[in-house]
Amino acid sequence: MKRILVLFMTCTACIRPPSLPTSSQYNVIGVLNDSTWFATGKAIRLVKPKEQPNSVKQFNLQMITDINYPGNGSATRSPIITGCLGECIPTQRLHVYNIPLKKGKFKLRKLDKARTVDLERINYWLLINGGGMNKNYHYEGRKPGWIRITRYDPQSNTVEGAFSFDLDENLKVYNRLINSMPLIARFRQGLFRVKIEDIKLKQ
């Protein structure tokens, strides 16, 4: 029995959480409703007046891409899809707020409860002309619903992790696009490695 326990502990120690491949062209990758999804992401750390950046222990993850979707006109998207690596017309935007800047697995339900304004809700938008909203999805408590921080390097100001969650379409959007997109946006196998950008707030 003791040998089995030692073997189990050894195997458990060898298991590492998934990590974004170093060869990845994009700093955010995943699967959206069984299709490959990629984006350009950044970690936003909001620094209040008189605060030092290193004293702020949470960040917001913002991801944009120019992958097309059904019902989006050709005039409102980039000529070549780049995942918004450079100049692009964003077609999709995904935001997760109030993520603790430390290793661990965090439930979206708790992150949502930590918001101080309703705009800090987990949101996924389908865009038109790079900014107008065609559809909006947000978190309604479905499982799975988590984001995991696997590494934070304060020297390089880089944070990496994984995510998996289901978001429900906001049916209250009065001018929402009616198309073949499902009512649930299922993000799976999400991986990211992004730089932290400090935004100093004014008084």
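Across segment 47-65, the number of residues qualifying as farther than 20 Å from GLY104 by Cβ and at pLDDT below 95 comes to 7. Picking from residues in segment 137-157 that are modelled with pLDDT under 95 and among the polar types (S, T, N, Q), the one that is most open to solvent (accessible area, probe 1.4 Å) is GLN155.
Among the conditions (1) open to solvent by 40 Å² or more (accessible area, probe 1.4 Å); (2) modelled with pLDDT of 95 or more; (3) assigned to a strand (DSSP E or B), the only one that GLY41 does not satisfy is (1).
Considering only segment 49-62, I want to know if a residue exists there that is in a helix (DSSP H, G or I) and exposed (fewer than 13 other Cβ atoms within 10 Å of the Cβ). There is at least one residue in segment 49-62 that is in a helix (DSSP H, G or I) and exposed (fewer than 13 other Cβ atoms within 10 Å of the Cβ). A single member of GLY73, GLY130, GLY141, GLY104 is in contact with a Ser or Thr (Cβ under 8 Å, 6 or more places away or on another chain) and small (Gly, Ala, Ser), and it is GLY130. The one condition from (1) of a type outside the set (A, V, I, L, M, F, W, C); (2) open to solvent by less than 20 Å² (accessible area, probe 1.4 Å); (3) closer than 22 Å to MET181 by Cβ that ASP112 does not meet is (3). So, TYR124, is that one within 25 Å of LYS57 (Cα to Cα), among the hydroxyl-bearing types (Ser, Thr, Tyr) and open to solvent by 60 Å² or more (accessible area, probe 1.4 Å) or not? The answer is no for TYR124. Output yes when any residue across segment 94-103 is on the phi > 0 side of the Ramachandran plot, open to solvent by less than 50 Å² (accessible area, probe 1.4 Å) and assigned to a loop (DSSP other than H, G, I, E, B), and no when none is. There is no residue in segment 94-103 that is on the phi > 0 side of the Ramachandran plot, open to solvent by less than 50 Å² (accessible area, probe 1.4 Å) and assigned to a loop (DSSP other than H, G, I, E, B). Is there any pair linking a residue in segment 167-195 that is closer than 28 Å to ARG45 by Cβ to one that is in a loop (DSSP other than H, G, I, E, B) and open to solvent by less than 30 Å² (accessible area, probe 1.4 Å), with Cβ under 8 Å and at least six apart or on different chains, and which? Here the result reads LEU167/ILE122; LEU167/TYR139; LEU191/LEU20; PHE192/LEU20; ARG193/LEU20, each pair linking segment 167-195 to a residue that is in a loop (DSSP other than H, G, I, E, B) and open to solvent by less than 30 Å² (accessible area, probe 1.4 Å). Scanning segment 71-87 for residues that are open to solvent by less than 70 Å² (accessible area, probe 1.4 Å) and either β-branched (Val, Ile, Thr) or modelled with pLDDT of 90 or more (or both) turns up THR76, THR82, GLY83, CYS84.
The values are calculated or read from the model by the stated rules, or taken from the named source; none is laboratory data. Just so it is clear, the model here is predicted, and its values are computed rather than measured. As a convention, Cβ positions derive from the backbone with ideal geometry for all residues, glycine included, and neighbour counts pool all protein chains shown. Remember, those area values only see protein heavy atoms, side chains included, never the ligands or the DNA or RNA. Shrake-Rupley method; radii C 1.70, N 1.55, O 1.52, S 1.80 Å.
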